[in-house]
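Quick notes on the structure that follows.
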Ligand code: ZN
Ligand code: ZN
């Protein structure tokens, strides 16, 4: 059985438990996860036996290439998506149809309800997302590839970083390098933040010169084709500010200790606490204003979150970022981010770019 078929079977088991006869998957990322099809504007109707991908003629060839074994219903021009879905659901005698509440407009829900007057629609939450949390071995291999592209691109950047470049130019160069190495592009718009701009966790690259301050924070990742990677490093490009070294070492040890704690059975907030306590003890508790990390996969931010009040337990196969930070408005910030796979016995750090203080210094 293909991985995609295995995922659909798991999904079937979970919607049957809710008493549903079928689930209409309208979130395109979830459709990709369940079929391998990467186009948009296509919904997947998973029935208790079999499934149908409803698409349109623009995607005929792509469907044949990406998921040849999949039953597809190509709606001819002039036929609506809802009409086609209602047809298939009626023929399959679907009584209770699950819909994805988080990805559907109220208008679409009403349209489906009108087209299937005898069926009962039931909103579901995160049925597919729950499966996506634990990665199978193909997915882990894809994430490793996304990490590889990101790291190669950063290696070139680090070796050629010059003071007269702007934040924007450096961000563009990263994206370009990722593509040259074979990746699809960045997994999100890179953050390249010089000096005080590094205090903004989501800084946008500007025309600021790299040489305008002695350090720069780079938060970047690659889209390996389908799966994402996400890393952050701080580079010291000028005379070493003693305060930077002090803060860097606090963030690094918080990050290393949180990673060392990661193992199945630990709850997500417990991992967050390891780093948070250490940063608070160093006197920077108020300066770490975001969660410790997040899942990565088909999307750059997905479940599970490593944060206060995140009560899910870690399981083998989850892939999360670990990214503590300390931000001082007006001065700058330090964040160090790696991608970590939860294994049966603990964890494996998938990212390998050096992060010791000595690795950060390129001046
Ligand atoms: Zn990041
Ligand atoms: Zn991140």
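A short reminder: the numbers here are calculations on the coordinates, not readings from a lab. Just so you know, these numbers come straight off a predicted model, no measurement behind them. Cβ sites come from the backbone with ideal geometry, for glycine too, and all protein chains shown count toward neighbours.
Tabulated values for the structure
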quantity	calculated
Once the Cα gyration tensor of the stretch 74-132 is diagonalised, semi-axes √(5λ) in Å	20, 14, 12
Kirkwood hydrodynamic radius of the stretch 289-359, Cα pairs, Å	13.4
GNM top mover of 184, 135, 277 - the chain, alpha-carbon springs below 10 Å	277
Overall form of the stretch 35-90 per C-alpha gyration tensor (a/c, 1.5; a/b vs b/c)	oblate
The chain: radius of gyration and largest Cα-Cα distance (Dmax), Å	23.0, 72
Between 0 and 90°, nearest 10: helix 242-261 axis offset from the chain longest Cα axis	40
Degrees, to the nearest 10: 81-91 long Cα axis against longest axis of the chain	50
For the stretch 25-97 and the stretch 241-283, distance of Cα centres in Å	45
Cβ crowding within 10 Å averaged over residues, with 217-230, 192-205 ranked highest first	217-230, 192-205
Alpha-carbon centroids, the stretch 286-309 and the stretch 168-229: separation in whole Å	19
Tilt relative to the chain, helix 268-281 - C-alpha long axis, 0 to 90 degrees, to 10	20
Along principal axes, Cα extents of the stretch 3-132, largest first, whole Å	34, 34, 25
Helical mean residue ellipticity (222 nm; -39500 (n - 2.57) per DSSP H run of 4+; nearest 500) of the chain	-11500 deg cm²/dmol
Cα centroid separation, the stretch 323-348 to the stretch 114-149 (Å)	26
Cα pair distances exceeding 22 angstrom across the stretch 163-247, given as percent	27
The stretch 137-360, relative contact order in percent, only Cα pairs under 8 angstrom and at least six apart counted	21
